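Taking it in order: structure first as structure tokens, then the write-up.
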Ligand code: 3PG
């Protein structure tokens, strides 16, 4: 079988070597498409692929239709808003992710971004400390729980909310359950977002929630830019000169925000939450193993389009 690794943002070399070893030892062939310039390059490369490993690469209906031999696609990572699951299902393609494998890298970045903003983007201006402050975690899954544990170790009070968890499960994860989003935002000096981009969440965080935040609060987004209502964010930052926004996923209006609000807004130049060699190895090798196992035994654990 031909396994294509298609990554616009490549894995670390050590991860690629590990993926290659797993695929080849199982008797399959590995093909690499890295740093491709156009989506059409991806579409052209899938023609004879039996399996595809991607990161945030867009597995559109066009990609699935062009991949006539495709049986499985694995998103090496957590969020799968880049996969057209309906197209995969329509073409009998199994779609999977590798949940949890890159969570620690994202969680470490979320904590780093909090400190970066508390210390005024590492400029000499007087900053503040995160110890003793309250962190609200929106969605207490793999990443959210790790952020909570790290923040607690740094002396923060941790609150969380998750529509899929009971309050006692949040307590068991080491956080105080918030009754609703209004309470989470209204009582947290920092809110860290860990929700996926879905039709329900897209544009769901904006003016109303931001305006509830306490004086000097910071919103931290290492999830997806789409969950933010950017016009609402801009309006809130305009009306509340004490609020800050930091993101690993630059908003479309970043240039305007930075011009208007200076050091109160920061976004990484390219999404880098999962960009550690450890996360690349964990997620990349998990994806390769899931494909090899699927071909060998038909194992569909982690299938998203069941
Ligand atoms: C994820 O959903 O796993 C993260 O956002 C990482 O995305 P990336 O593989 O494009 O860095």
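Considering the conditions (1) under 23 Å from residue 16 (Cα atoms); (2) surrounded by fewer than 22 Cβ atoms within 10 Å (Cβ to Cβ); (3) within 12 Å of the ligand (Cβ to nearest atom), residue 268 is excluded by exactly one of them, (1).
Kindly indicate whether any position in segment 127-144 is free of Cβ contacts under 8 Å to residues at least 40 places away in the same chain, part of a loop (DSSP other than H, G, I, E, B) and either within 16 Å of the ligand (Cβ to nearest atom) or touching a strand residue (DSSP E or B) at 6+ places or on another chain (Cβ under 7 Å) (or both). Within segment 127-144, not a single residue is free of Cβ contacts under 8 Å to residues at least 40 places away in the same chain, part of a loop (DSSP other than H, G, I, E, B) and either within 16 Å of the ligand (Cβ to nearest atom) or touching a strand residue (DSSP E or B) at 6+ places or on another chain (Cβ under 7 Å) (or both). Give segment 2-45 a look and list any residue that's out of contact with any strand residue (DSSP E or B) (no Cβ under 6 Å at 6 or more places or on another chain) and not in a helix (DSSP H, G or I), or say none. Once the filter is applied, which keeps residues that are out of contact with any strand residue (DSSP E or B) (no Cβ under 6 Å at 6 or more places or on another chain) and not in a helix (DSSP H, G or I), segment 2-45 yields 8, 9, 11, 12, 26, 27, 35, 36, 37, 38.
Evaluating residue 263 against the criteria (1) touching a residue at least 60 places away in the same chain (Cβ under 8 Å); (2) within 24 Å of residue 19 (Cα to Cα) leaves one unmet condition, (2). Residues that are under 25 Å from residue 267 (Cβ atoms), within 14 Å of the ligand (Cβ to nearest atom) and part of a loop (DSSP other than H, G, I, E, B) within segment 100-124 comprise 101, 102, listed in sequence order.
Of the numbered criteria (1) more than 13 Å from the ligand (Cβ to nearest atom); (2) closer than 21 Å to residue 88 by Cβ, the one residue 259 fails is (2). Scanning segment 56-74 for residues that are within 14 Å of the ligand (Cβ to nearest atom), part of a loop (DSSP other than H, G, I, E, B) and in contact with a helix residue (DSSP H, G or I) (Cβ under 8 Å, 6 or more places away or on another chain) yields 57, 58.
Of the residues screened, residue 198 is one that is out of contact with any helix residue (DSSP H, G or I) (no Cβ under 6 Å at 6 or more places or on another chain), at pLDDT 95 or above and within 24 Å of residue 273 (Cα to Cα).
Of everything in segment 36-55 that's touching a residue at least 40 places away in the same chain (Cβ under 8 Å) and away from the ligand (no atom under 15 Å from the Cβ), which residue is surrounded by the most Cβ atoms within 10 Å (Cβ to Cβ)?
Narrowing segment 36-55 to residues touching a residue at least 40 places away in the same chain (Cβ under 8 Å): 45-46, 48-55.
Adding the requirement that they be away from the ligand (no atom under 15 Å from the Cβ) leaves 45-46, 48-51.
Numbers: 45: 19, 46: 24, 48: 13, 49: 26, 50: 17, 51: 28.
Step by step, filter segment 36-55, then rank; the result is 51.
I'm trying to understand the selection: among the residues of segment 276-290, which are within 14 Å of the ligand (Cβ to nearest atom) and either out of contact with any helix residue (DSSP H, G or I) (no Cβ under 9 Å at 6 or more places or on another chain) or not in a helix (DSSP H, G or I) (or both)? Result: 276, 286. Tell me, yes or no, whether segment 89-99 has at least one residue that is assigned to a loop (DSSP other than H, G, I, E, B), surrounded by fewer than 17 Cβ atoms within 10 Å (Cβ to Cβ), away from the ligand (no atom under 16 Å from the Cβ) and without any contact (Cβ under 8 Å) to a residue 12 or more places away in the chain. No; the residues of segment 89-99 include none that is assigned to a loop (DSSP other than H, G, I, E, B), surrounded by fewer than 17 Cβ atoms within 10 Å (Cβ to Cβ), away from the ligand (no atom under 16 Å from the Cβ) and without any contact (Cβ under 8 Å) to a residue 12 or more places away in the chain.
The values are calculated or read from the model by the stated rules, or taken from the named source; none is laboratory data. Because the structure is predicted, anything quoted here is derived from the model rather than measured. Using ideal geometry, Cβ is built from the backbone for each residue, glycine included, and neighbour counts are taken over all protein chains shown.
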